[in-house]
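What follows is a set of notes on a single structure, which appears directly below.
The values are calculated or read from the model by the stated rules, or taken from the named source; none is laboratory data. Everything quoted here is computed from the prediction, not taken from an experiment. Here the Cβ positions follow ideal geometry from the backbone for every residue, glycine too, while neighbour counts run over all protein chains shown. The protein model used for the area step is the full one, side chains on, heavy atoms only, and it has no ligands, DNA or RNA in it. Shrake-Rupley method; radii C 1.70, N 1.55, O 1.52, S 1.80 Å.
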Amino acid sequence: MSVFMDLNVNYTADKSRLQSLVETAAHLGFSTVAINYVFEPTAKKKQEIPSPTPISELMDPLPVVQGRSRPIRVLNRLTIVMSDASHFRPTAVEYRRFDLLAVQPTTEKLFHAACMIYDVDIICISVTEKLPFFFKRAPVNGAIERGLVFEVSYSAAIRDSTMRRYTIANAVCLMETCKGKSVILSSAAEKVGEDICSILWSSEGPYDITNLGLLFGLSEGEAKEAVSSTCRSVLLHAETRKTASGIIHTVKSCSHSPPADGEAPPAKRARPQLTE
């Protein structure tokens, strides 16, 4: 049985609205959702990275996933909208407060850096405007080899016909480059009525997203993976990233001390005799 996830549910200060989003996701059969905190730095003034609200303060107990006997899993995610390289700080302690780390580059240079250098989990593709650059195979393949995924969110396509054209055009351009690999589909939901329910409220639940994926250039199997197995790989990558950042690497010295005076070199020393 497939395990479905939505790794982009936009954070809102309205606690009741956020609770409704999580409850709706559980009712539709999503086993995991990520509450997304969007951070968009500006050059005019220094801004503080937001701190995630503990899940236990948002809702307790968590709703049970439909068709399963376990509660929904809720994660915290940070998305950094980057218009300058200084907006991403690799050593920022604040990043460790979040389960998932994503960036949304706005230029080709930053997109290349995100694919090849930045230690993140998700690269977001803008769906609200036409991209100012074309996807190139080298950085896209580099990101895939590093275990990163590309995210296409679909709620903007519901709100506005112009954004719908941008969403489909940008998504198709990405799929032609990555061949449908390492892609996740997320709702970026803000309101239950506008976003999740208008596409997913049916007897099929998350399976309806596979039909949406066909518009983006995905096959039926790839679209299903985009809300299930590929999302699971994102969680594994995030766990590995967070664990690796705390590992201390030690290197054994290759230098050898010279033998003492009168002592034979190791290669010429007599081997000990085994006695029966």
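Using the basic label-point model (7 angstrom from Cα toward the beta carbon), what is the Glu239 to Lys136 distance in nanometres? For Glu239 paired with Lys136, the spin-label model returns 3.6 nm.
Each label was represented as a point 7 Å from its Cα along the Cα-to-Cβ direction; for Glu145 and Thr128 these points are 3.4 nm apart. The stretch between Arg17 and Ser219, if pulled fully straight at 0.36 nm per residue, gains 69.4 nm over its current Cα-Cα span. Give Lys109/Lys179; Lys136/Lys242; Lys179/Lys224; Lys15/Lys242 a once-over and call out the pairs whose C-alpha atoms are over 26 Å from each other. Where the Cα-Cα span goes over 26 Å, the pairs concerned are Lys136/Lys242; Lys15/Lys242. The 1.4 Å probe gives accessible areas that order Tyr11, Tyr37, largest first, as Tyr11, Tyr37.
Spin-label model, Glu176 to Gln66: label points 7 Å out along the Cα-to-beta-carbon direction sit 3.7 nm apart.
Report the far tail of the P(r) of segment 5-242, meaning the percent of Cα-Cα pairs longer than 27 Å.
Beyond 27 Å sits 30 percent of the P(r) for segment 5-242.
Gain on full extension, evaluated as 0.36 nm per residue between Ile55 and Ser83 minus their Cα-Cα distance, stands at 7.1 nm. Can you pull out the trypsin sites (Lys or Arg not before Pro) in segment 41-86 whose DSSP state is coil and whose Cβ has at most 16 other Cβ atoms within 10 Å? Answer in residue order: Lys44, Lys45, Lys46, Arg68. Only protein heavy atoms count here; on that basis, with a 1.4 Å probe, Met175 has an accessible area of about 10 Å². The slack between Ala169 and Val93, meaning 0.36 nm per residue of separation minus the straight C-alpha distance, is 23.7 nm.
Among the chymotrypsin sites (Phe, Trp or Tyr not before Pro) in segment 91-186, those located in a DSSP loop and surrounded by at most 16 other Cβ atoms within 10 Å of their own Cβ are Phe133, Phe134. Packing around the peptides 25-33, 123-131, taken as the average count of other Cβ atoms within 10 Å per residue, puts them in this order, highest first: 25-33, 123-131.
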